[in-house]
1. Take 31, 68 and order them by how many other Cβ atoms sit within 10 Å, fewest up front.
2. In degrees, nearest 10, range 0 to 90: what is the angle between the Cα axis of helix 66-82 and the longest Cα principal axis of the chain?
3. If I model a spin label as a point 7 Å beyond the Cα along the Cα-Cβ vector, how far apart are those points for residue 75 and residue 10 in nm?
4. Could you list 38, 45 so that the one with the fewest beta carbons within 10 Å of its beta carbon is first and the one with the most is last?
5. Mind sorting out which of (1) -0.44, -1.13, -1.36; (2) -0.71, -1.02, -1.10; (3) -0.54, -1.18, -1.38 is the real log10 I(q)/I(0) by the Debye sum over Cα atoms at q = 0.14, 0.23, 0.26 Å⁻¹ computed from the coordinates?
6. To make sure I understand, if each residue's beta carbon is the centre and we count other beta carbons within 10 Å, what order do 53, 2 fall in, fewest to most?
7. With the cut-off at 1.5 for a/c, could you classify the range 7-49 from its C-alpha gyration tensor as rounded, prolate or oblate?
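Here, each number is a calculation from the coordinates, and none is a lab measurement. This structure is a prediction, so every number in the text was calculated from the model and none was measured. With ideal geometry, Cβ positions are generated from the backbone for all residues, glycine too; neighbour counts draw on all protein chains shown.
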């Protein structure tokens, strides 16, 4: 019984922590370009140089977090239904 309560408390703490992260910082770094906004290529001497613009983030380097995206969808649905 105590193991179930401990697991529930851990799950609640993780959920509230992620919700707080989404509220404080709704955008994270792009996973494809690591927040650079472009892909890295290397010249023939092995030095990194700017590659093509990242297609996933369109050169911005940021993406919206999944939790914030779900919150935005729920908020738009609620707002559309109450007006």
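1. Taking fewest neighbouring Cβ atoms as first place, the list is 31, 68.
2. Helix 66-82 sits at roughly 60 degrees to that axis.
3. It works out to 3.2 nm between the two label points.
4. Details: 38 15, 45 6.
Final ranking by Cβ density, sparse to dense: 45, 38.
5. So the calculated entry is the one marked (2).
6. 2, 53
7. Prolate is the answer for the range 7-49, as a/c is 1.5 or above and a/b outweighs b/c.
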